[in-house]
Structure formats: C-alpha cells, structure tokens
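Comments concern the structure below.
The values are calculated or read from the model by the stated rules, or taken from the named source; none is laboratory data. As the structure is a prediction and not an experimental result, all values here were calculated from the model. In this analysis, Cβ positions are derived from the backbone assuming ideal geometry, glycine residues included, and neighbour counts consider all displayed protein chains. Keep in mind that these areas ignore ligands, DNA and RNA; they rest on the heavy atoms of the full protein, side chains included. Shrake-Rupley method; radii C 1.70, N 1.55, O 1.52, S 1.80 Å.
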Amino acid sequence: PTSFSTAHILLLSVRCCSPSAELSCIIFSRASTSYSSSGEILGMVGVWRLRSTVVSALSLYFLLFFTAGGHSFLLSNNIHHRSRQEVMVPRSADDFDQDSSENCEPSPPPKFTVGVIADIQYAPIPDGTSYTGTPRFYRHALEVAKHAFQHFEEEKVDLVINLGDTIDGKCQDIELHGGDPVPDGEDPGHYSLNHVMEALSAYKGRVLHTYGNHCLYNLHRKDLQERLGIQFTEEPCGDLVGYYDFVQEDVRFVVLDAYDVAIMQRCELSSKKRKQAAEILRENNPNFDANMNSPEGLQGTQRRFVGFNGGVGPLQLEWLRKTLMRARQERQKVVILSHNPILPESSSPVCLIWNYDEVLTILREFSDVVVASLCGHAHKGGYCRDHSGIHFRVFEAALENRPERTYAMVDIHDDRLVVRGFGNCESAEYDFSHCKEMTPSRI
C-alpha cells in the first residue's frame, strides 16, 4: 500500500515449523480513521526456512483489508484455536483499553472456589438418546461425576453445587433399556442413586443439591431429603418444598425449588399443589390430557407449560424476598441456584420455570446484591446478562458428552466470578459492576 497512515498493525506473528516450512501468519488491524474510497491493502508476508543450504519451502500469503472499520482477519494454513476451556469471556469491552502494565499485574486469588456439576442423569444402561434424538451416555456420566468430585477434592474446593437430575428417569425401566436386572428387593431409583453417591463421596466437603424432574421420576421428596440432604419444609397445605440457603464467607447461596408447584410426586387426591399445577397446565397447554410433556403447538415462552417443569409457590416467593432483604442488610452478595432456568434469553423456553416472571421481578428488585443465577436442565447450556446486570448462566450437562468430562470450578472474587470449564463446559468471567454500594436508606 502507498500509505499505512489510517491503520495500526497491532500484532504480526510469523512462525515457521516442519520441514515443509509451514507458515502461520496472524495479523490484527484496527482502523484509526476512515478509509480511502479505493480501500487499502495490508501487505504481504513471506517466510522461508533454510535447511543447510537448501530452501525447503517458500510460502506466500496475501491479506486484504476491506473498507469496513474495526475488523480483523486471520489467515493461516495451520490455525490452532484455543480449547473451549481456555476461552474466557471478557468482563467488559473496557478491558481491551486498559494499560498493558495493568494487564501484567497478577490477579489476586479468589475468596473461595466452588465446584459445579449439572444433569448427571446416570442410569446403568447402554448409551441411548433423548426423546428428540440427542445422544446420551448414561454410564459415562457416572465416570464424569466420579472424576469431577475427585478433582474437587484434590483442589480442595470450599463447596460443591449439584444442579439436579442426579439420576435419569430411565432407571425405572433398566432392563427395558438394555441394563442388567436390579437385585431382588432393590428399588431401581435407590439402586442407581447408590452408584452416584459412591462416586460423589470422593469429595469430603459440603455439597448443595438441587433436584429436578428426573429425580422425581425415581424418588419421593422425603427420599431426596434423606439421600441428598435437601432441606425440605412442610408447608401448611401439607406438601414438602425444598428451598434453603447457605452462607459461605460473605456470599449467600439461595437454593430455589422449581418443582414447588408441580405434578410429579404430588398426591393426586390430596395435594393442593398438584391440583394447582394441573390447572396451570390445562389452561396453558392443549396437550395436557393426551401428553402433558408435549409442547407441540405452543410458541415462545408458552412452551414452558409442560409436565416436566414446575413453578415457585407464593410462600417460597415470600421467603425469597425476605432472604434477599436479609442479604442486603448483612451486605452479602447472593448467588441463586435452581434446576430450571429463570431468564428466557438464557435458555430454551421449554425449560423455564412456569412463573419465571414473578421470580425475575424479585431478583431485579435486589440486583444490588444478586450477582448471578446458576442452573441446569437445558443440557446445551446458555448465558445472558439481564438488563438489571444479573448474570444468568445455564451449565452444560455432564450426560451428553463423551469422552469429555463436563463440569466446572467457579472462583469467587470480590468483584467477579470466574468459571473454569472442563470438557464441554464454557469458561467465562462475570463481573459484579451492577452491584452498587448500599446506602442506609436501601438497607
């Protein structure tokens, strides 16, 4: 080009490798002013390597820089991308403008670290598929859980979060799905959960469990309380509901029960919550009588009204508000935990809590203390930052990847949380910039 006055060359990296003199060229360019009408061409790089006195190869590459500003190109005949677990989501666009000396400063250690795993859905059966045809690796999921909890113990994480669906609904028909017969007298749900609990026992610290629809396909809520330590409360109507909180240093983890109002494992004759759930589904899903789990014909967020989801009842909503108020008074940050997603933009609508809007209203009211919502249920994972600033992260399932082992460790800092993903779990960094200093009037 005749002039480079309108562009900055930020990085030029040329690498020779192998006897064939393979070339990798990475050029990043940013325009500082508008381009001429004819455009500009950014150069040419040639690289060769001599072996003794013989030229082994000569590679010639051209990179064209077109007239739209602020773009960069990557040209190489052997590009090596960073693995998924190495990719970090920047805290903000301003990070790129920080002085280089600041970027060189070592990051302070986290206040504490938690392990996270979602949707193990183990079953002692051969590999299969979901109802929509997605491959599922039921026995491998147990290996993932065992490896993850051994890793959590080796790293001495301070806490572990299990986001629910610990075993799969197919445990109720193990032989039908190709598995070995369950020993005489054994309940298939408890039998399968025994295998998972043995795997999870590798970690010796505290585990916060949520529960999901697949747990309810196998076990009653009293069983989940006994086996997983979920803190169920008997409400005045007589139904058990499993919401609770736990404080680690100055962070309050709030566990929601997304199956408070639900069909599954509620008494058809006496449960008021089951009757309420049936009314909700009948009103919102025309498939209810034929197949309550089918979202066929439903559009957008209406697809959430299926039998494998549930809702949050009024007493739990009241408890949530009081718990967040207490966190505000005690100047704590809050992480919300649930099996089902809460923010529509973070997930497939078919996985949402029925009354997600009511839950969101409360969380947004306390966005000065609520930093993030972590959940599972939607196996592909997802993420969106709400306009309130709260981060909504759906963690990828342990069930649907092989040979990968999918789980995460989350480092909690004063100003951010950092997700270190393993296997198919996306790494990311989420800042707390939306959390304002609380004034006495707000407290």
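So that you can scan it fast, the table gives a plain yes or no per residue for (1) farther than 18 Å from residue 377 by Cα; (2) in contact with a helix residue (DSSP H, G or I) (Cβ under 6 Å, 6 or more places away or on another chain); (3) polar (S, T, N, Q):
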{"site": "185", "(1), (2), (3)": "yes, no, no"}
{"site": "192", "(1), (2), (3)": "yes, yes, yes"}
{"site": "198", "(1), (2), (3)": "yes, no, no"}
{"site": "208", "(1), (2), (3)": "no, no, no"}
{"site": "247", "(1), (2), (3)": "yes, no, no"}
{"site": "260", "(1), (2), (3)": "no, yes, no"}
{"site": "266", "(1), (2), (3)": "yes, yes, no"}
{"site": "269", "(1), (2), (3)": "yes, no, no"}
{"site": "279", "(1), (2), (3)": "yes, no, no"}
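Working carefully through the options 224, 219, 228, find the one that is without any contact (Cβ under 8 Å) to a residue 24 or more places away in the chain, closer than 21 Å to residue 189 by Cβ and open to solvent by less than 50 Å² (accessible area, probe 1.4 Å). Don't jump to the end; show me each part of the working.
Details: 219 fails: without any contact (Cβ under 8 Å) to a residue 24 or more places away in the chain; 228 fails: without any contact (Cβ under 8 Å) to a residue 24 or more places away in the chain.
Checking each option against the conditions leaves just 224.
Could you say which residue among 114, 182 is touching a residue at least 40 places away in the same chain (Cβ under 8 Å), crowded, with 16+ Cβ neighbours inside 10 Å and β-branched (Val, Ile, Thr)? Explain how you work it out, then say what you get.
Working: 182 fails: touching a residue at least 40 places away in the same chain (Cβ under 8 Å).
One residue alone meets the criteria, 114.
Which ones in the stretch 270-328 are more than 25 Å from the chain's Cα centre (by Cα), polar (S, T, N, Q), more than 25 Å from residue 254 (Cα to Cα) and surrounded by 13 or more Cβ atoms within 10 Å (Cβ to Cβ)?
271, 284, 285, 287
Among the numbered criteria (1) open to solvent by 10 Å² or more (accessible area, probe 1.4 Å); (2) not in a helix (DSSP H, G or I), which single criterion is violated by residue 165?
(1)
Mind checking which strands (runs of 3 or more DSSP E) fall wholly inside the stretch 333-436 and carry at least 1 residues that are buried (at least 23 other Cβ atoms within 10 Å of the Cβ)? Break it down into steps so the answer makes sense when it comes.
Numbers: elements: 333-338, 370-375, 382-385, 391-394, 407-412, 416-422, 428-431.
The strands (runs of 3 or more DSSP E) meeting that bar are 333-338, 370-375, 391-394, 407-412, 416-422.
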